[in-house]
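Have a look at the structure below before the remarks.
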Amino acid sequence: MSEILSIENLVKDYGKIKAVNKLSMEVEEGSVYGLLGPNGSGKTTTLGIILDVIKKTSGKYNWFGSTSSSESRKKIGAILEVPAFYPHLSARRNLRIITKIKGKGADSIDEVLKLVNLHDRKDDPFRTFSLGMKQRLAIGAALISNPPVLILDEPTNGLDPQGIAEIRKLILQVAGQGKTILLASHLLDEVQKVCTHFIVLNKGRGIYSGLVDEVLNTSNTIEIASKDLQKLSKAVKEFSHLNSLEEEKDLLAIQLNNSVDTHALNTFLIEKGIVLTHLAIRKSSLEQKFLKILEESDDQTV
Amino acid sequence: MIRLFEIEWLKLKNYKVFWALIITYFLGLILVLSSGMFLMQFFKYKGAEFKGIDPTIIPLYDFPDVWQNMTYIATFFKIILAFIVIISVTNEIGYRTMRQNVIEGLSKWEFLLSKLSLVFMLSFAATVFLFFEGLITGLIYSTVKDLRSIFSELEFLAGYFLEVFTFLSFALLIGILLKRAGFAIVLIFMYTLIFEPFLTINLEHNPHIYESLKSISPYLPIRSLNNLISVPFQRYVFMEIQDFIAWKDVFIVLGWLIIYQFSIYKLLDKRDI
Ligand SMILES: Nc1ncnc2c1ncn2[C@@H]1O[C@H](COP(=O)(O)OP(=O)(O)OP(=O)(O)O)[C@@H](O)[C@H]1O
Ligand SMILES: [Mg+2]
């Protein structure tokens, strides 16, 4: 797998604010890379720099192994923050301008408009679109002329649940074609479902990066429930391998010592005369991990 | 370059404001430039006389004088073309389409060239239009119609092109600098029609101004443009006029043109877009 994008010690200062602070990362071909971080952590600024519309203060970035140019940008489809189109022009004419800029023919326009469900509105001026429709057109614009790399900054912003699900499907489908995707989003659920890699930014710094799967498989929390939670709680506290116990709404979330599995626990409870109505290993979510990473990094900086 | 103009054309050809301004410009020019004779008749009817001359026999449209007369009048309309340039570029900034164009694969330099192609096309169209307008009205009214007279003093058309091209480059710079159409239009309007003319009048005629300061007035941005084509009409009251374009004025204007282009480039180059 070859490297599509590499960023090295990237810095962007806005006066005293360090919007991006010595950020380094690498994106491999075919990966779907999630860019996470709280508001103002530097996601959009980073994407703006690698798309050559924001000037870096220092550092380096390379696309496809060489310095960025208008030619390398033609191979990238991107949305940055808000959809940007000519309000008086129709969807089709707006897309036509893009294909002209990229030096491509107009043949993919109809196809893309169908893909983002705007085909029946293709001749309406952009300014008459709803927020979600504008966002769809932006995604369509990024997909036009079939670029090998996609950069999506908050692509599901303003979409309805159905729209979000469609975009998720679309991203998975596009990723399935071997495209490389860089996705900045606050919907961690989305990132978890579509991304292979992720990086967490905080105050412009990259504080964690890794594989999404690794995070999801590291859980050892077990959910249990029975008809009488009080009794269950009392019984389980007597289980010698118990590490921690937390009472949640309709269940108990417990953690056991590493060597012990659910079989031992269940056997123990049956001996105590308790029948479980629910027993499950909880997959840790990206969200939990994300919050934990941020908490730890804040502790360090204080 | 053709590709860049095509892109610009796609952006403009369905834009109503653009067509409204284009129509205002050309209709206004046709109306004013064609009605010289009626105007003179009107003056005569009202009993006006110019130093004992019957106004209707003033040969406004005689070749080759028609070229200087027309280009001189037409330069007053260039501000409408400047509005087109300003609106076109401030829209791109406001709608963030300039940024999106760069993301999609235009370089900042190409974006600038696409706007310059608009500036060029507007200046070129205005010049070609003036050529035909002058030719037609001249053929109708002129008492001399030999080819030599018709095609002499065409340098005024070249001067007109340079004047419009430079002024529109100035408008492009103001638009990119101020980013907002309303602001830029008010500023260029005030500066061109009020601020600099009054400054020039003061420089040239106010007795309290130092002699050494007076000499800068031909170098001011708008004054130097106006100097390219001098006022032609005193010739009809037997006064001396400058009936040619002076190289000195051309060089001053070219100097400004280079300054505008360079500033636009620098501004875009170092700005986050
Ligand atoms: N043009 C600017 N001038 C000054 N500061 C800026 C500018 N643009 C961004 N910043 C600052 O840079 C920091 C990073 O902003 P950025 O937009 O990259 O955040 P983000 O991670 O995309 O946030 P969000 O999740 O809200 O979109 C913020 O502190 C912001 O205030
Ligand atoms: Mg952002």
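The values are calculated or read from the model by the stated rules, or taken from the named source; none is laboratory data. Everything quoted here is computed from the prediction, not taken from an experiment. When we count neighbours, we look across all protein chains shown, and the Cβ atoms used for this are built from the backbone with ideal geometry, even at glycine. Protein only, heavy atoms only, side chains kept; ligands, DNA and RNA dropped before computing areas. Shrake-Rupley method; radii C 1.70, N 1.55, O 1.52, S 1.80 Å.
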Kirkwood calc, region B:45-154, C-alpha pairs only, radius in angstrom 17.3 Å
Lys and Arg at +1, Asp and Glu at -1: neighbours of residue B:18 with Cβ under 15 Å from its Cβ sum to +3
Per the helix-only model, chain B has a calculated mean residue ellipticity at 222 nm (DSSP H runs of ≥4, -39500 (n - 2.57) each, divided over all residues, rounded to the nearest 500) of -22500 deg cm²/dmol
The protein assembly as shown accessible area per residue, 1.4 Å probe, protein heavy atoms, integer Å², reads 49 Å²
For region B:255-271, Karplus-derived ³J(HN,Hα) couplings (6.51, -1.76, 1.60; θ = phi - 60°; whole Hz; x for glycine and proline) come out as x, 4, 4, 5, 4, 4, 4, 5, 5, 4, 4, 4, 4, 5, 5, 9, 8
Inter-part gap, Cα centre of region B:1-29 to Cα centre of region B:136-167, in whole angstrom, is 25 Å
Here Rg/Rh (Cα, Kirkwood) for region A:221-281 equals 0.90
Here the tail fraction of P(r) beyond 37 Å, over all Cα-Cα pairs of the protein assembly as shown, rounds in percent to 52 percent
For residue A:57, other-chain or 5+-apart residues with amide H closer than 5 Å (H placed, Pro excluded) are A:11, A:12, A:13
Long-range amide H partners of residue A:34, meaning residues 5 or more apart or on another chain whose placed amide H is closer than 5 Å, are A:183, A:196, A:197, A:198, A:199
Output for region B:2-270 (equivalent-ellipsoid semi-axes, sqrt of 5λ from the C-alpha gyration tensor, Å, descending) is 36, 23, 17
Phi-derived 3J(HN,Hα) across region B:196-208 with the Karplus relation (6.51, -1.76, 1.60, θ = phi - 60°), rounded Hz, x for Gly and Pro, is 5, x, 5, 4, 5, 4, 4, 4, 8, 10, 6, x, 7
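When DSSP assigns beta bridges and you keep just the ones with both residues in the protein assembly as shown, what percent turn out antiparallel, to the nearest 5?
70 percent
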With T = 37 °C, eta = 0.692 mPa s and Kirkwood Rh from C-alpha pairs, the Stokes-Einstein D of region B:60-103 in µm²/s is about 253 µm²/s
With the full set of protein chains present, the residues of region A:83-123 whose 1.4 Å probe accessible area falls by 50 Å² or more relative to the chain alone are A:84, A:86, A:88, A:97, A:100, A:101
The base-10 log of I(q)/I(0) that the Debye equation returns for region A:3-216 at q = 0.08, 0.15 Å⁻¹, one scatterer per C-alpha, is -0.27, -0.96
Taking every other residue with Cβ under 12 Å from the Cβ of residue A:84 and scoring Lys and Arg +1, Asp and Glu -1, one gets -1
Residues other than residue A:43 with Cβ under 9 Å of its Cβ, Lys/Arg counted +1 and Asp/Glu -1, net out at -2
Any residue on another chain or 5+ positions along whose placed amide H is under 5 Å from the amide H of residue A:205 is listed here as A:21
A 1.4 Å probe over the protein heavy atoms gives chain B a carbon and sulfur accessible-area percentage of 72 percent
Measuring from the longest principal axis of the C-alpha atoms of chain B, the long axis of helix B:78-94 (C-alpha) lies at a number of degrees, nearest 10, equal to 10 degrees
Over 31 Å (Cα to Cα) among A:100/A:203; A:56/B:179; A:193/A:272 -> A:100/A:203; A:193/A:272
Between the Cα axis of helix A:161-176 and the main Cα principal axis of chain A, the angle (0 to 90°, nearest 10) is 80 degrees
Taking max minus min of the Cα coordinates of region A:138-265 on each principal axis, largest first, gives extents in Å of 63, 31, 31
Probe 1.4 Å, protein heavy atoms only: A and B together bury a total accessible area in Å², to the nearest 100, of 2600 Å²
For chain B, the longest principal axis of the Cα atoms and the Cα long axis of helix B:108-141 enclose an angle in degrees, to the nearest 10, of 20 degrees
Applied in sequence order to region A:3-16, the curve 6.51 cos²θ - 1.76 cosθ + 1.60 (Karplus, θ = phi - 60°) yields integer Hz couplings, x standing for Gly and Pro, of 8, 8, 9, 10, 10, 10, 6, 6, 10, 9, 9, 10, x, 7
